[in-house]
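The values are calculated or read from the model by the stated rules, or taken from the named source; none is laboratory data. These figures come from a predicted structure and were not determined experimentally. So basically every Cβ, Gly included, is an ideal-geometry build from the backbone, and we count neighbours across all protein chains shown. Just so you know, the surface numbers come from the protein's heavy atoms only, side chains and all, with ligands and any DNA or RNA stripped out. Shrake-Rupley method; radii C 1.70, N 1.55, O 1.52, S 1.80 Å.
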Amino acid sequence: MAIEYLKRGKSDADRAEDDAKTRAVVEATLKDIETRGDAAVRELSEKFDDYSPASFRLSQQEIDDLIAQLSDRELADIKFAQEQVMNFARAQRASMTDIEVETLPGVILGHKNIPVQSVGCYVPGGKFPMVASAHMSVATASVAGVPRIIACTPPFQGKPNPAVIAAMHLGGAHEIYVMGGIQAIGAMALGTETIDPVHMLVGPGNAFVAEAKRQLFGRVGIDLFAGPTETMVIADETVDAEICATDLLGQAEHGYNSPAVLVTNSRKLAEETLSEIDRLLGILPTADTARVSWQDYGEVILCDSYDEMLQVADEIASEHVQVMTDRDDWFLDNMTCYGALFLGPRTNVSNGDKVIGTNHTLPTKKAGRYTGGLWVGKFLKTHSYQKILTDEAATLIGEYGSRLCLLEGFVGHAEQCNVRVRRYGGINVPYGAPAPYRDAAE
């Protein structure tokens, strides 16, 4: 095995130090929000966004006025993208069915898929107005049937962004607030004097937003740990350096800490991509951001074989994985740890981010090893139920239950079973004794 790094990003130790600083800031900020509520939220908004409106919640008139600022073309584009996301979410929802089965004569087991009753959707927008994130969270929650959907987004250049607000409103948000960062996450999860807390938080964000969700998990549900954008390009010589460099920098522009990784078995492609990235950084309008991400978090990994490329890719478990090889479906069949796959040079991560219909809220920081991304099923809770319809079934299950409870030493549990055996089976079981053995076939 010969895996060679032609370029490395920050070390794990340096990244851990950054994470520790973020944790401390978030912990103190959430405690302040929980203690002082609206006052803390307003101070944070003034400090970080220079924004302090009479009310952070938009009225219907304000929403209508903002939507009216969009051109017909802009509004049509938003609706088109939102419909693609909702179409796929509807198909996913249809795949999740309630069930009820008779597992033994008179024994009925089932489950129901019940929507989470209130969801807070965070839509990033301080640096770039993330219109598409509203489709991914708000519209998908709406398809799931969530009865209360609130949405928060930071002000963009000092005021609400019309396109983001339109996407939130059209997606089905019942309450829309213009606030960002830790203060938005804290207000939605903890509640304030003017905002009722929610049961679940969803949506991507920067490192502070992701850490706030992590610290609040358990008190509320979350979709997943969606931190700074990550992208990986898996490529061989079937593609060229221009497309590889473009796909890497296209995601590196998200922020100053967005990992972008090229995994290839071609030294020629690796070296040419490094040169092409330098060229593109000279002309990319967002190069000030992308350059820092590439410098600190960019990596180029040269492998000997496709098997090694697969191994490296699964170990990194990147959020977005762009596969451009002579065997794209082989990677689809064999990859196990990632956020979403983008197969072939005709597609790209931006398709998934903005319009194609799959959800762009995806696992980061190796979370793809144990979870997929946000989807309609994340807003649904699968609850089981059971019922016994006959005396015979109550007796049979009760007998087994009685003995198995006592096997573990739970006498009180056993009596729950024994009382049914006595009542419905007419069998005299002394208190605390196991039910007599009777072959189920008798």
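Assorted remarks:
- Taking Cβ atoms as reference points and 11 Å as the exclusive limit, the residues near Ala317 contribute a net charge of -1, counting Lys and Arg as +1 and Asp and Glu as -1.
- Taken as Cα centroids, the range 378-409 and the range 1-72 sit 47 Å apart, rounded to the nearest whole angstrom.
- For the set Arg73, Arg93, the ranking by accessible area, highest first and with no ligand, DNA or RNA atoms included, is Arg73, Arg93 under a 1.4 Å probe.
- The long axis of helix 162-171 is offset from the longest Cα principal axis of the chain by roughly 20 degrees.
- Extent along the principal axes, Cα only, for the chain: 87, 62, 43 Å, with the longest axis given first.
- For the range 100-108, 3J(HN,Hα) computed residue by residue from phi via the Karplus equation (6.51, -1.76, 1.60; θ = phi - 60°) reads 8, 10, 9, 7, 9, x, x, 10, 10 Hz, glycine and proline entered as x.
- Choice from Asn206, Asn334, Asn359 with maximal GNM fluctuation in the chain (Cα, 10 Å cutoff): Asn334
- Along the axis of the charge dipole computed for the range 1-81 (Cβ charges of +1 for Lys and Arg, -1 for Asp and Glu, origin at the Cα centre), the listed residues Ser59, Val26, Ser11 are led at the positive end by Ser11.
- Charged-residue dipole, Cβ positions (Lys, Arg, Asp, Glu), the range 254-348 about Cα centre, Debye nearest 20: 360 debye
- Amide H contacts of Val233: Val261, Leu262, Val263, Gln322, each under 5 Å away and 5 or more positions distant or on a separate chain (H built 1.01 Å from N in the peptide plane; Pro and chain starts excluded).
- Of all beta bridges that DSSP places with both ends in the range 1-154, some 50 percent have antiparallel geometry.
- Taking the DSSP bridge list for the chain and keeping only pairs wholly inside it, about 35 percent are antiparallel.
- Residue with peak Gaussian network fluctuation, the chain [Cα springs, cutoff 10 Å], from Ala134, Ala207, Ala94: Ala94
- Peptides 81-88, 230-237, 379-386 ranked from most to least packed by the mean count of surrounding Cβ atoms within 10 Å: 230-237, 81-88, 379-386.
- Here the calculated FRET efficiency for Asp19 and His383, from their Cβ-Cβ distance with R0 = 41 Å, stands at 0.70, rounded to the nearest 0.05.
- Less than 5 angstrom separates the built amide H of Ile222 from those of Leu201, all sequence-distant by 5 or more or on a different chain.
- Selection among Gln157, Leu190, Phe379 by position relative to the dipole of the chain gives Leu190 as farthest towards the positive end (Cβ unit charges, Cα centre).
- Computed magnitude of the charge dipole of the chain (debye, nearest 20; Cβ of K, R +1, Cβ of D, E -1): 1480 debye
- In sequence order, calculated HN-Hα J values of the range 60-70 (Karplus, 6.51, -1.76, 1.60; Hz; x Gly/Pro): 4, 5, 5, 4, 4, 5, 5, 4, 5, 6, 7
- Between the range 322-351 and the range 90-108, the alpha-carbon center distance in angstrom: 33 Å
- Against the chain, whose longest principal axis comes from its Cα atoms, helix 287-297 is set at around 60 degrees.
- Each part reduced to its alpha carbon centroid, the range 220-299 and the range 179-197 end up 34 Å apart.
- Comparing Ala414, Ala173, Ala24 in a Gaussian network model of the chain where C-alpha atoms under 10 Å apart are linked, the largest mean-square fluctuation is found at Ala414.
- Bridges between two residues of the range 128-274, per DSSP, are antiparallel at a rate of about 10%.
- Label point 7 Å beyond Cα of Gln69 along Cβ direction - residues of the range 113-133 with amide nitrogen under 19 Å: 123-133
- Cβ-derived FRET efficiency at R0 56 Å, His174 paired with Thr390, nearest 0.05: 0.80
- Using θ = phi - 60° in the Karplus curve 6.51 cos²θ - 1.76 cosθ + 1.60, the 3J(HN,Hα) couplings for the range 11-23 round to 6, 4, 5, 5, 5, 5, 5, 4, 4, 5, 4, 4, 4 Hz; x is entered for Gly and Pro.
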